[in-house]
Every structure is written in C-alpha cells, then in structure tokens.
Amino acid sequence: MQIGNLKILNPLFLAPMAGITDHPFRILCREMGAGVVFTEFVSANGIIRENMKTLELMKFTDNERPIGIQLFGETPEIVGNSAKMVYDMLKPDIIDINYGCPVPKVTKKGAGSAALKDLCLMDDITQAVVEAVPEIPVTVKMRAGWDQDNLVSTEAGVRMEKIGVGAITLHPRTTKQQFSGMSNWSLIKELKEAVNIPVIGNGDVNSLEDYNKLLNETGCDGVMIGRAALGKPWIFNSLKTNTSADAVINPDLSQIINIAQRHFLMLTEYYNNSLSVNLSKKHFNYYFKGFNGASNWRKQFMNIKNTDEIFSLLNQMTKELIN
Ligand SMILES: Cc1cc2nc3c(=O)[nH]c(=O)nc-3n(C[C@H](O)[C@H](O)[C@H](O)COP(=O)(O)O)c2cc1C
C-alpha cells in the first residue's frame with residue numbers, strides 16, 4: 001500500500017486514541033504487529049502557542065516509524081501553520097487531520113467531526129495542511145457525517161482526494177452516534193468505490209473474523225484497530241498472515257502479566273510517578289480480564305498509590321497465579 005510517497009509494508013493501523021496511544025503503548029503495538037501508529041489528536045492551537053503539554057504529546061522515537069501525528073483545529077491557517085511546525089520539529093511520516101472527534105468541547109468550535117457539517121471548511125483546513133507540508137503525505141480520519149440524515153463521507157472523501165490527501169480513514173458512525181450501535185461498513189465500501197487513494201477501514205474490528213469480513217465486504221486497503229488493542233496489543237500479530245514463529249498471538253496469563261509489567265516499566269520511564277501509576281491502572285483494567293479472580297485483582301490495582309506497590313502486586317500475581 002502506498003500513501004503518497006510513503007510505502008506501507010503492513011497496512012495494519014493503530015487508531016489514534018486520546019489518553020491511550022502514547023509512546024509506550026505505540027511501541028508495544030509496533031512490536032506486536034502494528035504496521036503504522038498514530039499519536040492521539042493534538043490541538044493545532046496548542047502547537048502554535050508552543051504549549052509544552054501539547055508538544056509532549058507528539059514526541060516519538062524512530063522505532064515507532066512509520067508514525068502519523070494527528071492534528072485537530074478549526075482555523076485553516078492555524079492548522080496549516082501547526083502542521084508546518086510539527087514537520088520542521090519532528091519530521092513525522094504522516095500528518096493526519098481529525099474530522100472524527102464527537103466531543104462537544106471540540107465540535108462546538110467547529111473542529112473534529114463538526115467539519116463534516118461544513119465541507120467547505122473541511123476543504124480549506126485540508127488544503128492549508130497539504131500546502132504546508134509538501135514533503136510528507138497528509139491523511140484524514142473522519143466519521144460518516146454529523147447524523148443519519150447527513151451522511152457525507154463519500155462526498156467528503158471525493159473532495160479530499162481532489163485536494164491531494166494521501167489516504168482516508170473512515171470510522172463509519174455519525175457524530176450523534178458517538179460509540180453506540182455498529183459501524184456502517186457499507187459506507188467504507190461506497191467510499192472505496194468513489195476514490196482512487198487508499199481507504200483505511202475502521203470500526204468494530206475485534207477479531208480475525210471481523211478483520212477478514214471488513215476486507216471482503218468493503219475492499220478497503222488497510223484496517224485500523226482501536227479499542228480491540230486495549231489490554232491486547234498483540235491483536236495485530238493475530239491479524240497478520242506472516243507472523244514470525246516467536247510472535248505473541250494468544251498469550252497465556254503469565255505472558256500477559258509480563259507484557260503488563262513491561263508496559264508499566266515503560267510508563268515509569270516516560271512519565272513522573274503519579275502519572276505512570278494512574279496510566280498503569282487504566283491499562284491493567286484492560287489487561288487483567290477473563291480469568292478466575294480477575295475483578296478482584298483489578299480492584300486491588302485500583303487502590304494502589306505508588307509504583308512500589310504496583311511492582312509488588314504484579315509479583316504477587318505471578319506467585320499466586322503462575323507458580
Ligand atoms: C479512548 C478513545 C480515544 C479516542 N481518541 C481519538 C483521537 O484522539 N483521534 C481520533 O481520530 N479518534 C479517536 N478515537 C476513535 C478511534 O480512533 C476509532 O476511530 C474508534 O474507536 C473506532 O474504532 P474501534 O472500533 O477499532 O475502536 C478514540 C477512541 C477511544 C475509545
């Protein structure tokens with residue numbers, strides 16, 4: 001698969017997820033089969049103001065490549081300028097524009113999926129970004145439209161292609177749906193048939209069966225996985241046809257504890273103590289599911305206050321459950 005001048009060897013994409021797809025999680029997913037990763041959405045206004053917290057969200061290392069940095073904003077000039085700043089500072093492989101966020105704080109200003117209500121604004125924002133970073137491909141990630149009466153993904157996709165984007169990811173739910181109901185994959189098929197650039201299908205892929213079904217039903221060029229990777233970064237390996245013999249595909253509980261421990265260690269290296277504890281708790285809630293006593297272990301992790309306690313609880317888990 002080719003996105004502009006970028007060759008994608010493995011079209012399995014980790015979805016951008018705010019509060020989840022930070023450097024440690026992206027590294028784990030890359031190691032376990034993801035072909036391309038994205039940062040969470042980053043505010044163009046924050047970049048322009050050189051807000052430190054915003055800039056931190058975009059840091060990555062070379063072993064994450066190919067990586068896309070996702071931007072959101074409502075003012076074409078600002079989003080374009082922020083894309084140029086990001087390119088000059090970090091040289092990511094892709095700049096992605098968020099046209100999918102349904103959160104009112106973002107949409108009430110006209111950013112995220114609100115642009116689907118104003119395709120001329122969407123054109124202008126995209127045009128500004130495409131012109132600002134001619135060196136790398138610009139992609140867009142969008143929802144199907146604002147509500148069921150305004151499904152615009154195909155029309156918007158055709159316009160995006162004309163402006164020069166390298167690929168389109170479609171999560172075919174409306175803004176109004178948020179995460180309810182199911183993704184309407186027929187809209188991915190419709191988009192794929194309407195454009196000549198790659199289409200990345202997204203939404204509700206939780207298994208190899210879903211993955212094959214999405215590819216077969218829509219003809220999409222790549223698949224993006226979000227929630228199914230939470231506490232399960234090895235999902236990407238399980239979707240690949242050419243996984244190596246030692247790849248983690250169906251880890252047993254002892255392997256899962258090891259992966260969670262490694263994730264925790266990466267978080268402690270990357271963040272301060274309290275943030276690494278809070279983020280570990282969030283991820284452990286996903287890792288430790290589906291075995292006898294899992295909810296009790298999760299509760300114990302929830303009550304933890306510092307990294308030492310996490311270490312000892314993980315050790316206790318190994319002793320009690322594995323040996
Ligand atoms: C916690 C969370 C945070 C998300 N943050 C973003 C984001 O920053 N940018 C974005 O484009 N989509 C974001 N999404 C949407 C996902 O990228 C994806 O489109 C959606 O979850 C559907 O895919 P899935 O069914 O594989 O999860 C987020 C989703 C979740 C669950």
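Values in this text are rule-based calculations from the coordinates and carry no lab data. On a predicted model such as this, the values are computed, not experimentally measured, just so you know. Virtual Cβ from ideal backbone geometry, glycine too; neighbours counted across all protein chains shown.
Computed values, structure above
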read-out: Listed residues G73, G19, G35, most fluctuating in the chain (Gaussian network, C-alpha, under 10 Å); value: G19
read-out: Per-residue HN-Hα couplings for the range 199-208 [Karplus 6.51, -1.76, 1.60; θ = phi - 60°; Hz; x = Gly/Pro]; value: 10, 9, x, 8, x, 6, 8, 10, 7, 4
read-out: Antiparallel DSSP beta bridges within the range 1-112, as percent of all bridges there, nearest 5; value: 15 percent
read-out: Ascending count of other beta-carbon atoms within 10 Å, so fewest first, for F25, F291; value: F291, F25
read-out: ³J(HN,Hα), Karplus 6.51/-1.76/1.60, whole Hz, each residue of the range 20-27, x for Gly, Pro; value: 10, 8, 8, 4, x, 5, 5, 4
read-out: The chain: calculated mean residue ellipticity at 222 nm from DSSP helix runs of at least 4, using -39500 (n - 2.57); value: -13500 deg cm²/dmol
read-out: Mean separation of Cα contacts under 8 Å, 6 or more apart, over the residue count of the chain: relative contact order %; value: 15 percent
read-out: Qualifying lysines (Cα of each under 26 Å from Cα of K240; at least 8 residues distant if same chain); value: K7, K141, K189, K192, K213, K232, K289
read-out: For the chain, built as a Gaussian network whose Cα springs stay under 10 Å, the top-fluctuating residue of G222, G157, G46; value: G46
read-out: Residues listed by number, the range 97-137, amide nitrogen under 17 Å from S180 label point at 7 Å toward C-beta; value: 102-104
read-out: For the range 93-102, Karplus couplings with θ = phi - 60° (6.51, -1.76, 1.60), whole Hz, Gly/Pro x; value: 7, 9, 10, 10, 10, 7, 10, x, 5, x
read-out: The range 159-174 and the range 258-323: distance between their alpha carbon centers, rounded to Å; value: 38 Å
read-out: N206 long-range amide H proximity, modeled H, under 5 Å; value: Y211
read-out: Sequence of F311, F264 once ranked by neighbouring C-beta atoms within 10 Å, starting from the fewest; value: F311, F264
read-out: Simple spin-label estimate for N150 and T61 in nanometres, 7 Å along Cα-Cβ; value: 4.4 nm
read-out: Rounded to 5, percent antiparallel among DSSP beta bridges of the chain; value: 10 percent
read-out: Most mobile of S312, S276, S186 in a GNM of the chain (Cα contacts under 10 Å); value: S312
read-out: Stretch gain in nm, segment Q255-L208, where the contour uses 0.36 nm per residue and the Cα spacing is subtracted; value: 14.8 nm
read-out: Inter-probe distance in nm under a simple model that places probes 7 Å from Cα toward Cβ, at D88 and F311; value: 4.4 nm
read-out: Neighbour net charge for T75 - beta-carbon separation under 12 angstrom, K R +1, D E -1; value: -2
read-out: Sorted by Cβ density within 10 Å, fewest first, the residues I188, I304; value: I304, I188
read-out: The range 216-323 - percent relative contact order, Cα under 8 Å, separation 6 or more; value: 26 percent
read-out: Loop-located GluC sites (Glu not before Pro) in the range 98-172 whose Cβ has at most 14 other Cβ within 10 Å (DSSP); value: E135
read-out: Radius of gyration and Dmax over the Cα atoms of the chain, both given in Å; value: 19.8, 62
